[in-house]
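> Below is one structure. I have some questions about it.
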């Protein structure tokens, strides 16, 4: 999949092709979060759209109860790629919780690899679309026929309105377009530390009313006296999604995912606490070796910032997900920045795609170390043992697993990645070089002032 963003926020143009590990680097206010949020919206299918062919298909379905459509018709006869791109673009104002006028010149193009798409479609023979898991409440069933390259859609509930069936079929087509990519995405925003503390106040038991008020304020501000007199905080959708995750946590089973061991390692090596979620949603922690329970508001910023990652790994994480973290280095000591980079690479090698936006030279250099360890060379095992890398190889990276992008003023450049040294982030290197040079200049100027050089005077005979 390739995303092209034009005039989105401060980005004039950006072309992003995600890999198993995708790294966004660059100065502040260059659009990294804009790109991450748009990518999240695509993976999460956070938009609705009625494709041009749906009217005909929905009528057939309502009349006959089923229909069969060929992949050639889906991918050849109809320009689903353009329709898909339009759907993502039209959702930008909702995605960012901002007025539509800010995105009148914006456009997002989603390019899909049809060959990969076809291969991905038949990874599973049968897919279902239903409101619940109960057979009697299913709306549609989708059967992918491997032998004939056909998609058969069957209506199992004839009582649904025609407009709803159109929406369901459109959602099926969106799933078909993205079936070869991640099934879902979990995004940890840069605001996560505060959200973990204040989410009960920020959330509402009546989410429908809050969503309605937000829509009124966004779209009808000039027309509604009511909305002018109600103060509602505007969140981007990924932030609201993170809040919803926190709200549901008490009802989620913990320690049930295949990534429980990595969640345990996060507690042992980085946060050095054990987390606990009460039935009422209260988050407490216990420092390792202590018997005292503390509210999360009493803990360090590191503990606050990584609660969400621990909770995700313990409850809903699964292979095929996309984990997205805006600035994973927040409040971390350099040693822990290196450890979090290793943890993320272990997740990549266990089947979770990872996207990060970072200002950390420590994280970038640690990723480079693991790219170099991805080469088969003499004494590799010895180097891993000396520097504490996993001897089983879970912290090695191949070049083809990584994509990196440097965000500059209004543009984005893809960073070349070498198996010999990894990626070179020029803005970070330049900043470090300037700091080193200024340090040397100031030091030697100070030494000259403290210890002036006395030049002997020679008198001619």
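The values are calculated or read from the model by the stated rules, or taken from the named source; none is laboratory data. These figures come from a predicted structure and were not determined experimentally. Ideal geometry is used to build each Cβ from the backbone, glycine not excepted, and the neighbour counts take in all protein chains shown.
> Checking residue 382 against (1) without any contact (Cβ under 8 Å) to a residue 12 or more places away in the chain; (2) under 16 Å from residue 327 (Cβ atoms), only one condition comes out false. Which one?
(2)
> Kindly list, by first and then second residue, each pair from a residue in the range 297-315 that is not assigned by TED's automatic domain parsing to the domain that holds residue 281 to a residue that is surrounded by 22 or more Cβ atoms within 10 Å (Cβ to Cβ), limited to pairs with Cβ atoms under 8 Å and residues at least 6 apart or on different chains.
none
> For the range 350-359, does any single residue satisfy the condition of being surrounded by fewer than 21 Cβ atoms within 10 Å (Cβ to Cβ) and under 25 Å from residue 318 (Cβ atoms)?
Yes; the residues of the range 350-359 include at least one that is surrounded by fewer than 21 Cβ atoms within 10 Å (Cβ to Cβ) and under 25 Å from residue 318 (Cβ atoms).
> From 14, 35, 58, grab the single residue that is at pLDDT below 90, buried (at least 20 other Cβ atoms within 10 Å of the Cβ) and outside the structural domain of residue 242 (by TED's automatic domain parsing).
58
> Restricting to the range 270-281, what's the tally of residues that are assigned to a loop (DSSP other than H, G, I, E, B) and surrounded by 13 or more Cβ atoms within 10 Å (Cβ to Cβ)?
The total comes to 2.
One line per residue, one yes/no per condition, for (1) touching a helix residue (DSSP H, G or I) at 6+ places or on another chain (Cβ under 9 Å); (2) closer than 27 Å to residue 366 by Cα; (3) not in a helix (DSSP H, G or I):
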| site | (1), (2), (3) |
| --- | --- |
| 292 | no, no, yes |
| 308 | yes, yes, no |
| 312 | yes, yes, no |
| 317 | yes, yes, yes |
| 331 | yes, yes, yes |
| 335 | yes, yes, no |
| 340 | yes, yes, no |
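> Can I ask one more? Could you please give the count of residues in the range 61-88 that are over 15 Å from residue 161 (Cα atoms), modelled with pLDDT of 75 or more and not in a helix (DSSP H, G or I)?
Of the residues in that region, 2 qualify.
A quick yes/no check of all residues on (1) farther than 29 Å from residue 390 by Cβ; (2) modelled with pLDDT of 90 or more; (3) in the same structural domain as residue 390 (by TED's automatic domain parsing); (4) in a helix (DSSP H, G or I):
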position	(1), (2), (3), (4)
218	yes, no, yes, yes
226	yes, no, yes, yes
234	yes, no, yes, no
238	yes, yes, yes, yes
253	no, no, yes, no
261	no, yes, yes, yes
268	no, yes, yes, yes
289	no, no, yes, no
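> Just checking, how many residues over the range 391-419 are surrounded by fewer than 15 Cβ atoms within 10 Å (Cβ to Cβ) and touching a helix residue (DSSP H, G or I) at 6+ places or on another chain (Cβ under 7 Å)?
Final tally of qualifying residues: 2.
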